[in-house]
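Asker: Right, I'll just put the structure down here and ask away after.
Only the coordinates and a few stated rules stand behind these numbers; no lab work does. Predicted model only: the values in this text are computed from it and were never measured. Glycine gets a Cβ as well: all are built from the backbone with ideal geometry, and neighbour counts include every protein chain shown.
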Amino acid sequence: MDVTTATFEQEVLEASRTLPVVVDFWAPWCGPCRTLGPIIEKVAAEFAGRVKLVKVNSDESPEIAGAFNIRSIPNVIAFKDGRPVAQFVGALPESQVRAFFEKLLPSAAENAVARAEALLDEGRVDEAEQALAEAKSDPSLRDRVEALKLRIGYARAGAVDEAALLARLAADPLDHEARLALASGYAAQQRYRDAMEQLLEIVRRAKDWRDGEARRQLVALFNVASDDPQLVAEYRRKLASALH
């Protein structure tokens, strides 16, 4: 697929949130580009459905080339989750191109986390927890794992007596256990703004309560509520303000 300035965001940045996208920056006059082209296309065909290959003509789309500081071609950049994660310059042999593609595939830990997320979306809490337990430690997955643990906890907690918890807080605004339970109940109902507000209130009143439990849950909730980036951005700012 040929990508231009007009289609780059959709076909590369957005698409890379679903599967890795490899961008081959080239130009018709470039000899090494003509050498690499058939090789990278052959390898991409082997990875069809798992990795997407697109091409950018650097002469026709200089804005994109400039944005990614392309100084020599062919220059191949891989994108995941909307950002560049790996690249190489020059016409590499087929074995090295294949190795480049292979490194973009999800690890066993990523597959386990993705499986847990899918199971939890279906309401299969026990199976999601089992899949999550199979995921080996991976620092790059920490936020997703914490968000999953939080969602599983919400699912296990079930419904809460909102009126009773609000009454407890009216009687004692420093009843952080009640406020935490209320936040959990709101989050279980996907009332994320309400949940964030209760967690933030704990942080405002007692940053170090239970070794920062409210802050940890609020940060994890940002990942749970990632489909609403404006809400997340708002409460990230509020959290930063509360911590300083």
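Asker: Using the Cα centre as the reference, give the magnitude of the dipole from point charges on the C-beta atoms of the range 171-223 (Lys, Arg: +1; Asp, Glu: -1; all else neutral), rounded to the nearest 20 debye. Could the numbers behind the result be given before it?
Answerer: Values: 9 positive and 9 negative charges, 44 e Å.
In debye, rounded to 20, the range 171-223 gives about 220.
Asker: Quote the relative contact order of the range 108-154 in percent (integer), defining contacts as alpha-carbon pairs under 8 Å separated by 6+ residues.
Answerer: Values: 39 pairs, mean separation 20.0, N = 47.
Computed value for the range 108-154: 42 percent relative contact order.
Asker: In debye, nearest 20, what is the charge dipole magnitude of the chain about its Cα centre with +1 on Lys and Arg Cβ and -1 on Asp and Glu Cβ, if you could check?
Answerer: On the way: 32 positive and 38 negative charges, 116 e Å.
My answer is approximately 560 debye.
Asker: If one computes the Cα centroid of the range 188-244 and of the range 9-70, what distance in Å separates the two points?
Answerer: Cα centres, the range 188-244 to the range 9-70: 39 Å.
Asker: How high is the relative contact order of the chain? Use alpha-carbon pairs under 8 Å, at least six apart in sequence, and give a whole percent.
Answerer: Numbers: 313 pairs, mean separation 34.0, N = 244.
Contact order relative to length: 14 percent.
Asker: Sort the following peptides by mean Cβ neighbour count (other Cβ atoms within 10 Å, averaged over residues), highest first: 43-50, 90-97. Kindly include the intermediate steps, with their values, before the conclusion.
Answerer: Working: 43-50: 13.2, 90-97: 15.0.
Top to bottom by mean Cβ count within 10 Å: 90-97, 43-50.
Asker: 222 nm [θ] for the chain, helices only, -39500 (n - 2.57) per DSSP H run of 4+, per residue, to 500?
Answerer: Values: 11 runs with 134 residues, N = 244.
Helix-only estimate at 222 nm: -17000 deg cm²/dmol.
Asker: Under the Karplus relation 6.51 cos²θ - 1.76 cosθ + 1.60, θ = phi - 60°, what is the ordered set of whole-Hz ³J(HN,Hα) values for the range 167-180, x standing for Gly and Pro?
Answerer: Computed from phi, the couplings for the range 167-180 are 5, 4, 5, 5, 6, 8, x, 9, 7, 5, 4, 5, 5, 5 Hz.
Asker: Between the helical axis of 192-205 and the dominant principal axis of the chain, each derived from Cα atoms, what acute angle in degrees is found, rounded to the nearest 10?
Answerer: 70 degrees
Asker: Over the range 8-102, one equal point on each Cα, no solvent: what is log10 I(q)/I(0) by the Debye formula at q = 0.26 Å⁻¹?
Answerer: -1.53
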